[in-house]
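*Asks:* What follows is a single structure, and I will ask about it in a moment.
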Amino acid sequence: MANKSTAKQLPKHWVLVLGDQLTLDNPALQLGKPADVGVLMVESVDESRVVWSHKARTVLFLSAMRHFADKLREGGYTVVYSTLDDTAQRTLCGTVFDLCQQHGIGRIDLMEPGEWRLEQGLVDMARQQAIEIRFHDDPHFICSRADFARWASGYKQLRMEYFYREMRKRTGILMAGAEPEGGQWNFDADNRSAYPKAGPGSIPEPAGFVPDDITQVVMADVERHLPENPGRLDRFAWAVTREQALVALDVFIGQRLKQFGPYQDAMWTDTPFGWHSLLSAAINLHLLNPMEVVQRAEAAYRAGQADLPGVEGFIRQILGWREFMRGVYWMDMPKMRQDNALKADIPLPDWFWTGKTHMACLRDAIGQTLEHAYAHHIQRLMVIGNFALLAGLVPQQVEDWFLAVYVDAIEWVELPNVAGMALFANGGRFTSKPYIASGAYIKRMSNYCGGCRYDPAVKTGDKACPFTTLYWGFLDKHEALLAANPRTGLMAKNIGKLSDEQRIELRGQVAHTFEKLNSL
């Protein structure tokens with residue numbers, strides 16, 4: 001019999017840590033001394049099949065989880081870790097229940113999940129199996145769910161800009177006393193430049209990390225358990241630890257932030273990263289705290305290392321859009337997932353999973369997505385999302401695709417961006433108009449059109465650009481909706497200028513485009 005002084009004491013508290021909660025600031029981990037806290041961590045093949053996840057997305061989550069588990073062990077926590085081999089075909093919630101039975105656990109604490117489906121699954125499991133479950137607020141977010149709901153209750157229409165101003169005031173970020181730094185809240189108009197005609201020139205590389213032993217084992221596990229899942233792993237270079245994420249932050253602030261602002265919307269062939277930070281995945285997994293990122297960007301401005309418009313634009317993405325999207329997601333679920341205001345019913349084309357299309361812009365944007373599990377916000381919104389909206393693709397299929405293929409995708413941020421911003425599926429719940437554009441926008445912001453078989457200036461005929469055809473088809477189909485909105489009234493007037501003969505020709509071209517959608 002073991003002596004009391006040497007016997008291992010059982011944890012007083014058991015904490016479930018999910019794959020996007022990789023921070024020691026987790027309040028559930030602070031319920032007691034590390035020796036008093038047991039941690040459950042679960043890998044799940046099933047979670048990578050809820051949507052057909054990009055292999056790099058799965059590798060990032062699992063490698064970051066395994067590194068964090070080692071960090072917890074080094075800190076004195078008891079860690080019970082289930083790998084893909086351990087869980088086999090069990091669901092995440094099912095595995096959690098199995099672990100509770102094996103270790104005699106009657107109560108679990110965890111930080112609130114980032115997905116409504118998973119939160120409900122855990123609640124249902126706990127109720128059915130008589131396990132107490134306690135959720136803790138996620139301090140990683142600057143605005144809690146409850147705070148956002150209180151803010152939203154004061155507005156008939158939800159608009160990010162007003163929320164963003166409130167967050168600036170609350171945090172003091174980019175404020176000069178009670179006024180915004182530089183005398184205005186938003187410098188978006190200064191941040192819409194295309195690259196020069198000669199191209200983007202030399203851009204410092206973002207930080208990249210050679211896969212270590214842990215990551216290489218994860219890669220092998222993913223290839224073995226999920227061989228049919230999409231995407232490549234030979235370009236995997238994402239940060240999987242906080243230490244690496246801090247290096248990536250240093251590189252962005254020191255070398256790339258200065259040109260991020262003007263070129264954040266720009267696109268160019270074989271330039272997958274541009275001047276973007278590539279920090280969203282690390283932030284979303286909690287390897288970086290959003291406030292530390294925002295504060296570093298503000299400090300660079302204060303030190304004269306980057307100009308105000310660019311820094312404000314970067315900070316707005318984190319302090320504004322990121323927090324706003326999370327608040328709206330939790331207010332509107334599960335309805336958001338079913339929304340289809342425009343009654344879109346066209347299935348997702350097969351080439352979304354291969355990138356094999358004659359449309360140069362989509363070939364590049366989807367191709368780099370499959371290669372790197374990354375595309376920047378304009379490629380996602382105004383190329384891929386724009387096409388999906390114009391073509392009337394089924395929202396749920398598009399939403400699943402976006403959740404599957406991007407390394408930074410977690411449903412709380414992916415779904416409102418896709419359903420609300422890209423697809424107008426919720427009918428303008430927090431956007432003032434559908435974000436649509438013809439091929440002319442893509443030509444203005446990129447070099448894609450120069451090497452494309454289609455002409456962005458043509459809407460009918462053999463050379464007609466599908467974006468332009470479908471843009472005019474969208475105006476034709478939704479003319480009444482657009483006419484009723486002051487922000488899109490001009491679009492309705494433009495379609496109204498077409499003669500009956502021109503409309504007939506347009507509708508024929510639209511029908512032809514849909515007939516060959518899988519071979520465009």
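*Asks:* Between the range 188-248 and the range 421-442, what's the alpha-carbon centroid distance in Å?
*Replies:* Rounded to whole Å, the Cα centres lie 28 Å apart.
*Asks:* Going 7 Å from the Cα of residue 162 toward and past its Cβ, which residues in the range 396-435 have a backbone nitrogen under 14 Å from where you end up?
*Replies:* Counting only backbone N, you get 429-432.
*Asks:* Could you give the length gained on full extension between residue 49 and residue 485, defined as 0.36 nm per residue of separation minus the Cα-Cα distance, in nm?
*Replies:* 153.0 nm
*Asks:* Out of 470, 412, 447, whose Cα points farthest toward the positive end of the dipole of the chain (charges: +1 Lys, Arg; -1 Asp, Glu; placed on Cβ)?
*Replies:* 470
*Asks:* Right, something else. Using a ≥ b ≥ c from the Cα gyration tensor of the range 321-463 (square roots of the eigenvalues), is it rounded, prolate or oblate, where a/c under 1.5 gives rounded and otherwise the larger of a/b and b/c decides, a/b for prolate?
*Replies:* Cα axes put the range 321-463 in the prolate bin.
*Asks:* Considering just Cα atoms, how many Å³ per residue does the convex hull of the range 426-520 enclose?
*Replies:* 117 Å³
*Asks:* Over the range 372-520, average the accessible area per residue using a 1.4 Å probe and give it in Å², no decimals.
*Replies:* In whole numbers, the range 372-520 has 37 Å² accessible per residue.
*Asks:* For the range 280-337, what does the alpha-carbon gyration tensor say about shape, rounded, prolate or oblate, given a ≥ b ≥ c as the root eigenvalues, a/c under 1.5 as rounded, and a/b over b/c as prolate?
*Replies:* prolate
*Asks:* Angle, helix 500-515 long axis vs. longest principal axis of the chain, Cα atoms, 0 to 90°, nearest 10?
*Replies:* Long axis of 500-515 versus the principal axis of the chain: about 40 degrees.
*Asks:* Continuing with this model, one more query. Once phi is turned into ³J(HN,Hα) by the Karplus curve 6.51 cos²θ - 1.76 cosθ + 1.60 with θ = phi - 60°, what whole-Hz value does each residue of the range 91-103 show in order, with x for glycine and proline?
*Replies:* 3J(HN,Hα) across the range 91-103, in whole Hz: 6, 4, 5, x, 5, 4, 4, 4, 5, 4, 5, 5, 10.
*Asks:* For residue 89 and residue 135, what does the FRET efficiency come to when R0 = 22 Å and r is the distance between their Cβ atoms, rounded to the nearest 0.05?
*Replies:* Calculated transfer efficiency: 0.20.
*Asks:* Taking the solvent-accessible surface of protein heavy atoms with a 1.4 Å probe, what is the per residue accessible area of the range 20-111 in Å²?
*Replies:* Result: 36 Å² of accessible area for each residue.
*Asks:* Only bridges whose two residues both fall in the chain count here: according to DSSP, what percent of them are antiparallel, nearest 5?
*Replies:* Rounded to the nearest five, the antiparallel share is 10 percent.
*Asks:* Just report the Cα centroid separation between the range 443-520 and the range 318-386, whole Å.
*Replies:* Here the answer is 20 Å between Cα centres.
*Asks:* For residue 197, list the aspartates and glutamates whose Cα falls under 17 Å from its own Cα; do not include residues on the same chain fewer than 8 positions away.
*Replies:* 265, 270
*Asks:* Could you tell me the relative contact order of the chain? Use alpha-carbon pairs under 8 Å, at least six residues apart, and round to a whole percent.
*Replies:* Rounded, it is 16 percent for the chain.
*Asks:* Now for a different question. Of the labelled options (1) 23.6, 72; (2) 25.1, 81; (3) 24.1, 94, which one gives Rg and Dmax of the Cα atoms in Å as computed for this structure?
*Replies:* The value matching this structure is (3).
*Asks:* Using DSSP to define loop residues, name the chymotrypsin sites (Phe, Trp or Tyr not before Pro) in the range 125-218 whose beta-carbon has at most 15 other beta-carbon atoms within 10 Å.
*Replies:* For chymotrypsin sites (Phe, Trp or Tyr not before Pro) across the range 125-218 that sit outside H, G, I, E and B with at most 15 neighbouring Cβ atoms in 10 Å, the list reads 155.
*Asks:* Another question, then. Any chance you could get the radius of gyration and Dmax over the Cα atoms of the range 225-336, in Å?
*Replies:* My reading of the Cα-based Rg and Dmax gives 16.0, 50 Å.
*Asks:* Follow-up. Give the whole-number value, in cubic angstrom per residue, of the convex hull volume spanned by the C-alpha atoms of the range 77-132.
*Replies:* Measuring per residue, one finds 102 Å³ for the Cα hull of the range 77-132.
*Asks:* DSSP loop (so not H, G, I, E, B), at most 14 other Cβ within 10 Å: list which trypsin sites (Lys or Arg not before Pro) in the range 152-260 pass both filters.
*Replies:* 156, 159, 197, 232
*Asks:* Relative to the first principal axis of the alpha-carbon coordinates of the chain, what is the inclination of helix 160-171, with its axis defined by its Cα atoms, in degrees from 0 to 90 and to the nearest 10?
*Replies:* 40 degrees
*Asks:* If you don't mind, another one. How far is helix 360-372 tilted off the main Cα axis of the chain, in degrees rounded to 10, range 0 to 90?
*Replies:* It works out to around 10 degrees.
*Asks:* At a 1.4 Å probe radius, carbon and sulfur cover how many percent of the accessible area of the range 296-433?
*Replies:* Exposed carbon and sulfur together represent 53 percent of the surface.
*Asks:* Once the piece of chain linking residue 505 and residue 335 is laid out straight, how much longer is it, given 0.36 nm per residue of separation minus the C-alpha distance between them?
*Replies:* 57.4 nm
*Asks:* Any idea how far apart residue 124 and residue 358 come out in nm if each label point goes 7 Å out from Cα toward Cβ?
*Replies:* With each label point 7 Å from Cα toward Cβ, the separation is 4.6 nm.
*Asks:* About its Cα centre, how strong a charge dipole does the range 419-485 have in debye, to the nearest 20, once Lys and Arg get +1 and Asp and Glu get -1 at the Cβ?
*Replies:* Rounded to the nearest 20 debye, it is 160 debye.
The values are calculated or read from the model by the stated rules, or taken from the named source; none is laboratory data. Because the structure is a prediction, the values reported are computed rather than measured. Here Cβ is always computed from backbone atoms with ideal geometry, including for glycine, and neighbour counts include all displayed protein chains. In case anyone asks, the SASA skips ligands and DNA or RNA and just uses the protein heavy atoms, side chains included. Shrake-Rupley method; radii C 1.70, N 1.55, O 1.52, S 1.80 Å.
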